[in-house]
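Beneath this line is the structure, given in structure tokens, with notes to follow.
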Amino acid sequence: MHIDRGGVWHYLNSPIGRKELVRLFSTVLRRDDDGDYWLITPAEVGRITVEDAPFLAVEMTVSGNGEEQIVTFRTNMDVLISVNDAHPIRVDINPDTDEPSPYLVMDGNIEALITRAVYYELVTLGHEKDGIFGIWSSGSFFSLGALSAKEAGT
């Protein structure tokens, strides 16, 4: 099995078209300490390759304001995850293009890639704190990236 960068699950090089089947597989997906992904059922254990992240964060909702706001994402498997200390946001920056790749860390160190449109929506919630641009959720501040001296107004 294989999950491509777009979050599409494949079996024998063919996309799995039934969302219910993919959702079932997603419930037995695990990630080990080396970063490898496994499907673990009571009867079998099988390795699964993942191009980037096994899930996509496809929708965002916000409740509350300021430091007390709570940002919640819905994944392509219809799982709701609120950003908090146990489920942080992390952003990788491509060193060649400076393009961000934002992720929501889920249970078991499994991640959801935050889609571009949702990331742009997330950025509109951003604030500067100590030279870092980020968002507040569940009482904690999550970095979306460092501000340059020019952006910080210095």
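Bear in mind that the values in this text are calculations on the coordinates, not laboratory data. Since the model is a prediction, treat every value here as computed from it, not as a measurement. Cβ: placed from backbone, ideal geometry, glycine included. Neighbour counts: every protein chain shown.
Please build a GNM for the chain, connecting alpha carbons under 10 Å apart, and tell me which residue among Ser14, Ser26, Ser138 fluctuates the most.
Result for the chain, Cα springs under 10 Å: Ser14 fluctuates most.
Through the Karplus equation 6.51 cos²θ - 1.76 cosθ + 1.60, θ set to phi - 60°, convert the phi angles of the stretch 14-19 into ³J(HN,Hα) values in whole Hz; use x for Gly and Pro.
10, x, 8, x, 8, 4
So if I take the centroid of the Cα atoms in the stretch 115-132 and the same for the stretch 62-90, what is the distance between those two points in Å?
13
If Lys and Arg each add +1 and Asp and Glu each add -1, what is the summed charge of the other residues whose beta carbon sits under 13 Å from the beta carbon of Thr75?
-1
How large is the helix-only mean residue ellipticity at 222 nm for the chain, computed as the sum of -39500 (n - 2.57) over DSSP H runs with n ≥ 4, divided by its residue count, in deg cm²/dmol to the nearest 500? Can you show the working numbers first?
Values: 2 runs with 16 residues, N = 154.
-3000 deg cm²/dmol, from helical runs alone.
At a 10 Å Cβ-Cβ cut-off, how would you order Phe141, Phe25, Phe55, fewest neighbours first?
Phe141, Phe25, Phe55
Sorted from largest down, give the three principal axis spans of the alpha carbons of the stretch 1-93, whole angstrom values.
Computed over the stretch 1-93, the largest-to-smallest principal extents equal 47, 31, 29 Å.
For Asp52, what is the net charge nearby, where nearby means another residue's Cβ is under 11 Å from its Cβ and Lys, Arg count +1, Asp, Glu -1?
Combined, the nearby Lys, Arg, Asp and Glu give -3.
Put one equal scatterer on each alpha carbon of the stretch 55-146, apply the Debye formula with no solvent term, and list log10 I(q)/I(0) at q = 0.20, 0.21 1/Å to two decimals.
-0.93, -1.03
Below 8 Å, C-alpha to C-alpha, sequence gap of six or more: please give me the relative contact order for the stretch 2-50 in percent.
Across the stretch 2-50, relative contact order equals 30 percent.
Under 13 Å from the Cβ of Ile40, count the other residues' Cβ atoms, weight Lys and Arg +1, Asp and Glu -1, and hand me the total. Could the numbers behind the result be given before it?
On the way: positive: Arg30, Arg31, Arg47; negative: Asp32, Asp36, Glu44.
Charge balance in the 13 Å sphere: 0.
Could you check which residue among Leu12, Leu80, Leu125 shows the biggest mean-square fluctuation in a GNM of the chain with a 10 Å Cα cutoff?
The residue that fluctuates most here is Leu12.
Given C-alpha coordinates of the stretch 2-50, what is the ratio Rg to Rh with the Kirkwood estimate of Rh?
Radius of gyration relative to Kirkwood radius: 0.95.
Once amide H atoms are built 1.01 Å from N in the peptide plane, which residues 5 or more positions from Ile16, or in another chain, come under 5 Å H to H?
Sorted by chain and number, the residues that satisfy this are Trp9, His10, Tyr11.
Say we join alpha carbon atoms closer than 10 Å with springs in a Gaussian network model of the chain; which of Asn109, Asn84, Asn94 then has the biggest fluctuation?
In the Gaussian network model the winner is Asn94.
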